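Novice: Take a look at the following structure, please.
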């Protein structure tokens, strides 16, 4: 596979991932982090970082709007649930594991 085709395929797969995450907002970031050690906010940071590497000015809030499919504050109001103490404890452990 040539590099350009690979990039196009990876980009298409990434867009599908974003669509999937936007379709299922009931899957909380905290649950994603606790299970997979990344969440929508992580993807937003990676997105903003990749943009910067390509000389594109895109701040974290702009990247989050792309990843969430709406402004982050609106997403939180519509979909974010209150975290239980148990989930917060798991999150602290997951965050330590995810941070090199």
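Novice: Can you tell me how many residues in the range 82-92 are touching a residue at least 12 places away in the same chain (Cβ under 8 Å) and in a helix (DSSP H, G or I)?
Specialist: Qualifying residue count, the range 82-92: 4.
Novice: Would you check which residues across the range 1-27 are more than 30 Å from residue 81 (Cβ to Cβ) and in contact with a helix residue (DSSP H, G or I) (Cβ under 7 Å, 6 or more places away or on another chain) and list them?
Specialist: none
Novice: One residue is enough: does the range 43-63 have a residue meeting the conditions buried (at least 16 other Cβ atoms within 10 Å of the Cβ) and touching a residue at least 40 places away in the same chain (Cβ under 8 Å)?
Specialist: The answer is no; no qualifying residue exists.
Novice: Can I ask one more? Can you tell me which residue among 75, 37 is at positive phi and touching a residue at least 12 places away in the same chain (Cβ under 8 Å)?
Specialist: Of the residues listed, the single one that is at positive phi and touching a residue at least 12 places away in the same chain (Cβ under 8 Å) is 37.
Novice: What is the number of the single condition among (1) more than 11 Å from the chain's Cα centre (by Cα); (2) free of Cβ contacts under 8 Å to residues at least 24 places away in the same chain; (3) buried (at least 16 other Cβ atoms within 10 Å of the Cβ); (4) part of a helix (DSSP H, G or I) that residue 96 does not meet?
Specialist: Among (1) more than 11 Å from the chain's Cα centre (by Cα); (2) free of Cβ contacts under 8 Å to residues at least 24 places away in the same chain; (3) buried (at least 16 other Cβ atoms within 10 Å of the Cβ); (4) part of a helix (DSSP H, G or I), the lone unmet condition for residue 96 is (3).
Novice: A further question on this structure: In the range 78-93, how many are exposed (fewer than 14 other Cβ atoms within 10 Å of the Cβ) and under 11 Å from residue 37 (Cβ atoms)?
Specialist: Number satisfying all stated conditions: 1.
Novice: Suppose we filter the range 1-34 for residues that are surrounded by 11 or more Cβ atoms within 10 Å (Cβ to Cβ) and in contact (Cβ under 8 Å) with a residue 40 or more places away in the chain; how many remain?
Specialist: Residues in the range 1-34 being surrounded by 11 or more Cβ atoms within 10 Å (Cβ to Cβ) and in contact (Cβ under 8 Å) with a residue 40 or more places away in the chain: 10 in total.
The numbers here are math on the coordinates, done by the rules we state, and not lab data. Please read these numbers as outputs of a predicted model, since none were measured by experiment. Don't worry about glycine lacking a Cβ; one is built from the backbone with ideal geometry, like all the others, and counts go over all protein chains shown.
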